[in-house]
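Each remark here refers to the structure printed beneath this line.
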Amino acid sequence: MSVNKEVKRVTTHTIQEMKNKGEKISMLTAYDYSIATIVDDAGVDIILVGDSASNVMAGHETTLPITLDQMIYHASSVVRAAKRALVVVDLPFGSYQGNSKEALNSAIRIMKESGAHAVKMEGGIEIAESVSRILTAGIPVMGHLGLTPQSIYKFGTYTVRAKEEAEAQKLKEDALKLQELGCFGVVLEKIPAKLGEEVSQSLQIPTIGIGAGQHCDGQVLVIHDMLGINKGFKPRFLRQYASLYDVMNDAIKNYVSDVKANDFPSEKEQY
């Protein structure tokens, strides 16, 4: 029997057991109560309250504008829905970089005000002090390496990271550093599959890939992307499991048509 089915509540310990036993880890984003309920009921191991809410919920071009207060709002909604999954929340841009005290305060606010189970942070050795300080307070931390969207203006592009040897070597060192500090897992985003495999094999803690190949210990996707709610966004790493944009658009058109034709509500649909 899988580790997933043996537990009532998935914890960081559960995730580590899954890595140890070779059981793949499933992770999806959610930002509100209704979607999080569906994701949790479907048996997803980890729900990520991602700063991607800045894109898919608020319509921003990047993840940078979303605030700590907004992340706490989304996280609180998800936590109320998640009866089983481990809920991990992104620390947003500006809430932890360069100031370990501010990082700790941000993480504490997320844990206390939302009831989440862990936080996620982008970066490696350069954020080591902030990671360490948060962990010292007993707050679980998941790392994030490779393409780090909060640094998009530094990169200037969303193309694959760590293709060159120097950047690949730094990523390996960063991953080991995050493990050494005490992170319970690391997201690897948009890096060569071979590098994803090497890093996953070098670490004792789990890796969660998004565009990082099949040899990571788990996978994560943005829920709006994999359900086809976003129109026209189809990167190579995305497998779209539904086309809800079309389904919802057709349903709404039918509703509008019925209202215009005075077909809704019918006699059976009124008091």
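The residues of the range 170-221 expose on average 37 square angstrom of accessible surface per residue, using a 1.4 Å probe on protein heavy atoms. When restricted to Cα atoms, the range 67-166 yields an Rg and a Dmax of 14.2, 44 Å, respectively. How much of the calculated P(r) for the range 21-69 lies past 13 Å, in percent of all Cα pairs? More than 13 Å apart: 61 percent of the Cα pairs in the range 21-69. Computed from Cα atoms, the angle from the helix 165-181 axis to the main principal axis of the chain rounds to 90 degrees.
Please count, across the range 105-264, the pairs of lysine residues with Cα atoms under 15 Å apart that sit 8 or more places apart or on different chains. Can you show the working numbers first?
On the way: LYS163/LYS172; LYS163/LYS190; LYS163/LYS194; LYS172/LYS190; LYS172/LYS194; LYS190/LYS234.
For the range 105-264, qualifying lysine pairs total 6.
The trypsin sites (Lys or Arg not before Pro) of the range 90-168 that meet both conditions, a loop assignment by DSSP and at most 15 other Cβ atoms within 10 Å of the site Cβ, are LYS163. In terms of overall dimensions, the C-alpha atoms belonging to the range 126-271 reach 67, 36, 29 Å along their principal axes, ordered largest to smallest. Here, the chain is characterised by an Rg to Rh ratio of 1.02, where Rg is the alpha-carbon radius of gyration and Rh the Kirkwood radius. The alpha carbons of the range 186-270 occupy a box of 66, 24, 13 Å along the principal axes, longest dimension given first.
A 1.4 Å probe run over the range 1-94, with the rest of the protein chains in place, finds 44 Å² accessible per residue. Using Cα centres only, tell me the gap between the range 109-157 and the range 34-66 in whole Å. About 16 Å separates the Cα centre of the range 109-157 from the one of the range 34-66. Between 0 and 90 degrees, the angle of helix 100-114 with respect to the longest Cα principal axis of the chain falls at about 40 degrees. The Cα-based radius of gyration and maximum Cα-Cα distance (Dmax) for the range 1-151 are 14.9, 44 Å. Note on TYR241: accessible area is roughly 150 Å² with a 1.4 Å probe, heavy atoms of protein only.
Please state the equivalent ellipsoid semi-axes for the range 140-212: what are the square roots of 5 times the Cα gyration tensor eigenvalues, largest first, in whole Å? Please list the in-between numbers first.
Working: eigenvalues 70, 36, 23 Å².
Each semi-axis is √(5λ); the values are 19, 13, 11 Å.
Overall, the accessible surface of the range 110-214 at a probe of 1.4 angstrom is composed of carbon and sulfur to the extent of 51 percent. Only Cα pairs under 8 Å and 6+ residues apart enter the sum, and on that basis the relative contact order of the range 68-174 stands at 23 percent. Each Cα pair under 8 Å and six or more residues apart adds its sequence gap; the mean of these over the residue count of the chain is a relative contact order of 15 percent.
The values are calculated or read from the model by the stated rules, or taken from the named source; none is laboratory data. This is a predicted model, so every value here is computed, not measured. Glycine also receives a Cβ, built like all others from the backbone with ideal geometry; neighbour counts cover every protein chain displayed. Quick note on the areas: whole protein, heavy atoms, side chains included, nothing else; ligands and nucleic acids left out. Shrake-Rupley method; radii C 1.70, N 1.55, O 1.52, S 1.80 Å.
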